1. Looking at Phe154, is it modelled with pLDDT of 95 or more, touching a helix residue (DSSP H, G or I) at 6+ places or on another chain (Cβ under 8 Å) and surrounded by fewer than 20 Cβ atoms within 10 Å (Cβ to Cβ)?
2. How many of the residues in region 84-98 are of a type outside the set (Val, Ile, Thr), within 16 Å of ligand 1 (Cβ to nearest atom) and assigned to a loop (DSSP other than H, G, I, E, B)?
3. Just checking, does region 178-192 include any residue being surrounded by 13 or more Cβ atoms within 10 Å (Cβ to Cβ), out of contact with any His (no Cβ under 7 Å at 6 or more places or on another chain) and farther than 24 Å from Val11 by Cβ?
4. If a residue has to be under 17 Å from Thr80 (Cβ atoms) and in a helix (DSSP H, G or I) to count, how many in region 8-56 make the cut?
5. Working only within region 97-129, note down all residues that are of a type in the set (S, T, N, Q), under 14 Å from Leu191 (Cβ atoms) and out of contact with any strand residue (DSSP E or B) (no Cβ under 6 Å at 6 or more places or on another chain).
6. Does Pro24 satisfy being within 16 Å of ligand 1 (Cβ to nearest atom), crowded, with 20+ Cβ neighbours inside 10 Å and farther than 22 Å from Glu180 by Cα?
7. Starting from residues that are more than 13 Å from ligand 2 (Cβ to nearest atom) and of a type in the set (Val, Ile, Thr), keep the ones in region 1-51 and report whichever is nearest to the chain's Cα centre (by Cα).
8. Within region 59-79, how many residues turn out to be within 17 Å of Asn29 (Cα to Cα) and either more than 13 Å from ligand 1 (Cβ to nearest atom) or not in a strand (DSSP E or B) (or both)?
Amino acid sequence: MTDFLPLEHLVAACHWIGGKGWAPATGGNMSVRQDAEYCLLSASGKDKGSLTRDDFIQVEIANNAVPSGRTPSAETGLHTLIYRLFPQAGAVLHTHTVNSTVLSRVEQGDALRLSGYEMQKTLAGQQTHLNTIAIPLFDNDQDIDALAQRIAAFAANTPLQYGFLLRGHGLTCWGKDVNEARRHLEGLEFLFECELQRRLLEAK
Ligand SMILES: CSC[C@@H](O)[C@@H](O)C(=O)COP(=O)(O)O
Ligand SMILES: [Zn+2]
């Protein structure tokens, strides 16, 4: 892979995610947009905390085609969907954290609603804790094409910003570049931790 600074940033983000324990075993996948047509996606089945630039595989955003014939993430279809839906999206991070896995199972509704937290302002455009942020929650599916179609149908009618949760699975979030995607991931994870603890304490 020739020099491409955003890929260096993504590799650093993967190591950071690994250090946080947010991509245990081979969970999680990460990508960065190259241009309007292509993105670079993590190879399937690897420990994402120790990826190098050679572990990223070029994928065509329009149709998930892989010119190299290598095997990118099993969840490639969710990354390319985000790049198709949002031309401004520059990077996508998918993690398997305990907080997102547990909260997405406890919450029975179609979104995790967050309000009253100062840290909501880590999300682009948010300027007050008084807003309610709805992170959509989709039932998990091993059929990624079907899941991507469900998410696309949702996004056709409802604004989709920052990220979404897959029930019992994890968080997929994005940003205009790797730095913003990292900030969204860290901010959302903090909010999930707070929300889980709040629910636990208030249940007593
Ligand atoms: C550890 S199983 C997790 C996978 O099924 C999947 O959800 C995942 O996040 C990683 O898949 P991958 O194909 O390595 O990108
Ligand atoms: Zn996953």
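1. For Phe154, the condition - modelled with pLDDT of 95 or more, touching a helix residue (DSSP H, G or I) at 6+ places or on another chain (Cβ under 8 Å) and surrounded by fewer than 20 Cβ atoms within 10 Å (Cβ to Cβ) - is not met.
2. 1
3. Yes, there is a match, as at least one residue in region 178-192 is surrounded by 13 or more Cβ atoms within 10 Å (Cβ to Cβ), out of contact with any His (no Cβ under 7 Å at 6 or more places or on another chain) and farther than 24 Å from Val11 by Cβ.
4. 1
5. Thr97, Asn99, Thr122, Gln126
6. no
7. Step by step, filter region 1-51, then rank; the result is Val32.
8. 13
The values are calculated or read from the model by the stated rules, or taken from the named source; none is laboratory data. Remember, it's a predicted structure, so these values are computed and weren't measured experimentally. In this analysis, Cβ positions are derived from the backbone assuming ideal geometry, glycine residues included, and neighbour counts consider all displayed protein chains.
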